[in-house]
Amino acid sequence: GAAIQFIQDIRKLGCLFALDDFGTGMSSFSYLRSLPVDFIKIDGEFVRNMGKDKMSKAIVEAINSIGHVAGLETIGEHTESEEIIQNLKELGLDFAQGYAIQKPVKI
């Protein structure tokens, strides 16, 4: 309850929220109904292994589909190669995050 109230209060200020490392626990799916988030960040372990593991790719595809049904935008974490970028595009993810996009920079 406190987390939901905090998110709602901060959203009033114009902030957006992402549910990080989505898919690492089966309870993750229940959060989609209860937490007022804007994005789901698909856990990088699944994204990183999409090219070599059919199950990982199926999990990314399923989470992306469910996220879109829930009206959320999806982010693929650990996007470390052009191949992964292409896979994410083919699956219809909205965003990618990782070294193939931009390495961290000092601010």
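If His68 passes every condition in (1) surrounded by fewer than 20 Cβ atoms within 10 Å (Cβ to Cβ); (2) without any contact (Cβ under 8 Å) to a residue 24 or more places away in the chain but one, which one does it miss? Failing condition for His68: (2). Residues in segment 74-96 that are farther than 11 Å from Arg48 by Cα and either surrounded by 15 or more Cβ atoms within 10 Å (Cβ to Cβ) or of a type in the set (Phe, Trp, Tyr) (or both): Thr74, Ile75, Leu91, Leu93, Asp94, Phe95, Ala96.
Taking segment 43-98, which residues are among the small types (Gly, Ala, Ser), more than 18 Å from Tyr31 (Cα to Cα) and over 9 Å from the mean Cα position of the chain (by Cα)? Selection gives Gly51, Ser56, Ala58, Ser81, Gly92, Gly98. Considered as a group, the residues in segment 17-55 that are open to solvent by 70 Å² or more (accessible area, probe 1.4 Å) and basic (Lys, Arg) include one that is nearest to Ile4 (Cα to Cα), and that residue is Arg33. Taking only segment 1-15 into account, find how many residues are in contact with a helix residue (DSSP H, G or I) (Cβ under 9 Å, 6 or more places away or on another chain) and at pLDDT 90 or above. Matching residues across segment 1-15 total 1. The requirement of being open to solvent by less than 60 Å² (accessible area, probe 1.4 Å) and either touching a Leu at 6+ places or on another chain (Cβ under 8 Å) or in contact (Cβ under 8 Å) with a residue 40 or more places away in the chain (or both) is not satisfied by Ala58.
The values are calculated or read from the model by the stated rules, or taken from the named source; none is laboratory data. Predicted, not measured: the structure shown is a model, and the values here were computed from it. No Cβ is skipped: glycine too gets one built from the backbone with ideal geometry, and neighbour counts run over all protein chains shown. For accessibility, only protein heavy atoms count, side chains too; no ligands or nucleic acids. Shrake-Rupley method; radii C 1.70, N 1.55, O 1.52, S 1.80 Å.
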